[in-house]
1. Quick check on packing: order 103-114, 139-150 by the mean number of other C-beta atoms within 10 Å, highest mean leading.
2. Using a cut-off of 15 Å between beta-carbons, work out the net charge of the residues near E22 (Lys and Arg +1, Asp and Glu -1, E22 not included).
3. What distance in nm lies between label points placed 7 Å from Cα along the C-beta direction at Q19 and R239?
4. Multiplying the sequence separation of S49 and T100 by 0.36 nm and subtracting their Cα-Cα distance, what value in nm do you get?
5. In Å², what does the accessible area per residue of segment 40-194 work out to with a 1.4 Å probe?
6. In nm, what is the difference between 0.36 nm times the number of residues separating A134 and S255 and their Cα-Cα distance?
7. For segment 16-79, what relative contact order do you get, as a whole percent, if you take Cα pairs closer than 8 Å and at least 6 residues apart?
8. Place a +1 charge on the Cβ of each Lys and Arg in segment 62-213 and a -1 charge on the Cβ of each Asp and Glu, then give the dipole magnitude about the Cα centre in debye, rounded to the nearest 20.
Amino acid sequence: MSDIFSRIEHSRTADEVVQQIESLILEGVLRTGDRLPGERELARQFDVSRPILRDALKALEARGLLTTKAGGGTHVADVIGQLFTKPVTDLISTNRKAVTDYLEYRREVEAVAAEYAARRATPEDLALLDRIMARMDEAHRTGDFDDEAEIDVEFHHAVCECAHNIILLHTLRSCYRLLSEGVFQNRLLVFGVPGAREALLEQHRSIHNAIRAGDPIAARKAAMDHISYVERSMAEAERSGDWQRVSRLRLRQRSDAGDIASTRKRS
């Protein structure tokens, strides 16, 4: 991890270290699972004594923001996903209406995120988006569905970060957790819809271009159009899958019936 921590300028107390790390977690610089530098290096970056640093880390661990594993260092705790507890996640995964509601929510909230991103993205934000878009192009070229789906989520994470709104950041991260944990198993079916991979790539490129151009109206529309397309494609994929299931059953039933009729004729 590069030097993201700043030297404590004044009294060099544990409280100041705590506040800086809390801010980095809240603003999404430090993310769930990120490992902090070792104690010596971290104390050097903060320019505080190791006893002060230990007090700060203990306080953050007591608040549930950090976790320490024996021999594994100190990591940012899982502070995302608490909006959807395990029982609620289980209910969502088995409820068809929840998928529709999920996409409806994402369409509206991601439109706001994309609009803010177009207004607020810094040169560093745009550099990160450029990098993710290049990886998305490469995944599309190689035809790796799983990789494309993973980068898809990463792209939307980055757009939300570009919006520079803490509440948007954490609520959308919680929503994307449902995707990364496979709650909506049928999302990969979208990639099987004819022309979907190309359409999705162009939609992501439209969002990216609008943000890069600083056009909030175009960014909002591109984000909404993207989720509307995903919604239609998921419905089409489900219908197509159901048609195939019924067709296979018909074929099996009529093949079995034909076998029985042939047997009767021979006997």
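The values are calculated or read from the model by the stated rules, or taken from the named source; none is laboratory data. Computed from a predicted structure; not experimentally measured. Don't worry about glycine lacking a Cβ; one is built from the backbone with ideal geometry, like all the others, and counts go over all protein chains shown. We work out accessible area using only protein heavy atoms, side chains counted, and drop any ligands, DNA or RNA first. Shrake-Rupley method; radii C 1.70, N 1.55, O 1.52, S 1.80 Å.
1. 103-114, 139-150
2. -3
3. Reported label-point gap for Q19 and R239 is 5.8 nm.
4. That pair, S49 and T100, stretches by 13.1 nm at full extension.
5. 52
6. Additional length available on full extension: 38.6 nm.
7. Once normalised by length, the contact order is 40 percent.
8. 440
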